Structure formats: structure tokens, C-alpha cells
Amino acid sequence: MVNAKARCYTSPVPETPAVTPLPPAEIVQRLDALYGVPPWRATHDPMTELVLTLLSQNTSDRNSGRAFIRLRERYPTWEQVLAADVKDVEDAIAIGGLAPTKAPRLKALLVEVAARRNGFNLSNLEDMPLEEAKAWLRELPGVGPKTAACVLMFALGRPALPVDTHVHRVAQRLGLIPPKMPPEQAHGVLEALVPPELTYAFHIALIKHGRRLCDARRPQCGDCPLLDGCPEGRRRLTG
Ligand code: SF4
């Protein structure tokens with residue numbers, strides 16, 4: 001005779017196995033195979049990169065690039081920007097948007113760099129210990145962790161990792177950082193996870209992925225080469 005307890009017994013519903021996040025090197029390898037990730041190559045000197053990054057805050061690369069070109073056409077040297085009236089600088093960079101905020105910020109930045117470096121040569125950042133170099137930049141007006149990391153990585157090839165909106169979103173979905181961790185905090189956490197020699201490739205790969213497959217609203221998880229190691233992708237496709 002089957003007792004009541006036995007009749008009421010039901011086997012537990014099998015849980016979806018936890019997804020182990022992929023290591024950064026594997027992520028880079030798979031995304032490199034999909035998009036191609038060029039090797040690092042300096043495109044600007046650190047001062048130029050600093051100004052470009054400042055102009056790019058809260059605007060598209062296209063518009064900030066145009067603003068930068070107009071600025072350089074009007075003022076070929078940083079000394080000339082420093083000496084210019086802030087309203088004229090605002091006019092020069094108007095095409096990039098937020099010029100009334102960015103022009104005084106740029107002027108304040110140039111004043112501070114000139115005072116600290118007696119000019120605009122930032123070669124001091126090449127060999128400075130990384131954390132010191134970040135702190136040096138972050139003491140400048142208008143410079144946060146992303147701008148500091150952009151200068152160090154793009155201009156100098158140093159292993160500082162800028163966390164923009166794409167890097168932040170994709171890293172969260174991949175389970176590399178906790179869901180609610182703000183970007184400011186994510187810089188240090190991701191930087192510690194990614195091998196220094198892969199910092200640039202990781203940054204570029206996640207940006208490309210965020211712009212193409214891992215869209216903010218409609219990620220195409222079914223076509224994603226990271227799906228087997230992506231908690232968010234698995235949740236979306238099975239949930
Ligand atoms: S599986 Fe989906 S959520 Fe995960 S990285 Fe790929 S596209 Fe983004």
C-alpha cells in the first residue's frame with residue numbers, strides 16, 4: 001500500500017544551472033573572431049586626448065569630433081585657447097552641444113594643466129605608477145574616472161579601462177559586475193578582472209558588442225557567441 005506521504009511526494013523542479021561568467025580573455029577572443037579588434041595604436045598625444053574626451057562627454061563622437069576640429073581651426077595651440085575669451089571658445093565648440101558648460105570647463109582644465117605642467121605636455125603620465133597617473137588626472141577640473149582612463153589607455157596604451165555605457169551594460173549582462181554597480185565603481189572592478197595586456201582589446205570588443213548585438217533594448221542573444229556564458233542572455237532565452 002502506498003502511504004500518503006509517498007503519494008504526495010513530487011520530485012523537485014530542476015533548477016536552471018547557474019551560468020559561470022566567461023573569463024575576459026575568452027570574451028575578447030570570441031568577440032575578436034566576430035568583429036575584429038585592432039591592436040592598440042596611439043592616435044593622439046595625451047593633451048589632445050584629454051580635450052577630445054572632455055568634448056565628447058554626453059554627445060556623439062561625430063559631433064564632438066566636429067567641435068574639436070572647429071576649435072583647432074580657430075585656435076591651433078592650447079595657449080591660444082587658454083588666452084581666448086570663453087564666449088569665443090563656446091562659439092567654436094557649439095556644434096558639439098553643451099558648449100555653455102564645456103567651454104568654461106575646458107578653460108578651467110587648461111588653466112590647471114598649464115599651472116601644474118608649465119605647458120601642455122603630459123608626458124609625465126607615461127611612466128607614473130598607474131594609480132598615481134589616474135589620481136593626477138582626476139584632480140583636474142571636469143575629469144572623472146572615464147576621462148582619466150581614456151587618456152591613459154588611448155594616448156599612452158596604459159592598462160586603464162574606460163567604462164562607458166556599452167562596456168557597463170555588457171559587463172553587467174555577462175555577470176562580470178553586480179547588476180546595480182555604478183560605472184564609477186565598475187572601473188576598478190573590471191580593471192582588476194581584465195589582464196593588463198587585454199585592457200584595450202576588452203574595451204573595444206565590449207563597445208562593438210554593445211553597439212551591434214548586445215543592444216540596450218533588444219539584445220540579439222540568439223545570435224550571440226557569448227550566450228553560453230551570459231547569465232542575462234540565458235535568462236532572456238529561457239525565462
Ligand atoms: S547573450 Fe545577450 S545579453 Fe548576453 S552578451 Fe550576448 S547579446 Fe548581450
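You will find that of L161, L137, L130, the residue that is within 28 Å of V89 (Cα to Cα) and away from the ligand (no atom under 16 Å from the Cβ) is L137 and no other. What about P179, is it without any contact (Cβ under 8 Å) to a residue 40 or more places away in the chain, within 16 Å of the ligand (Cβ to nearest atom), surrounded by fewer than 20 Cβ atoms within 10 Å (Cβ to Cβ) and farther than 22 Å from F68 by Cα? When the stated conditions are applied, P179 passes them.
Scanning the stretch 191-239 for residues that are closer than 26 Å to S60 by Cα, more than 15 Å from the ligand (Cβ to nearest atom) and either without any contact (Cβ under 8 Å) to a residue 24 or more places away in the chain or within 13 Å of the chain's Cα centre (by Cα) (or both) gives E191, T199, Y200, A201, H203, I204. Taking (1) out of contact with any Cys (no Cβ under 6 Å at 6 or more places or on another chain); (2) at pLDDT 95 or above in turn, E184 satisfies each apart from (2). Of the residues that sit in the stretch 42-99 and are surrounded by 15 or more Cβ atoms within 10 Å (Cβ to Cβ) and among the basic types (K, R), which one is farthest from the chain's Cα centre (by Cα)? Here the answer is R74. Where helices (runs of 4 or more DSSP H) fall entirely within the stretch 23-112, those with at least 1 residues that are closer than 30 Å to V189 by Cβ are at 24-35, 46-56, 61-74. In the set V151, V113, only one residue is touching a Ser or Thr at 6+ places or on another chain (Cβ under 7 Å) and either modelled with pLDDT under 95 or away from the ligand (no atom under 16 Å from the Cβ) (or both); that residue is V151.
The values are calculated or read from the model by the stated rules, or taken from the named source; none is laboratory data. The shown structure was predicted, so the numbers you read here are calculated from the model rather than taken from an experiment. Cβ atoms come from the backbone with ideal geometry, glycine included; neighbour counts cover every protein chain shown.
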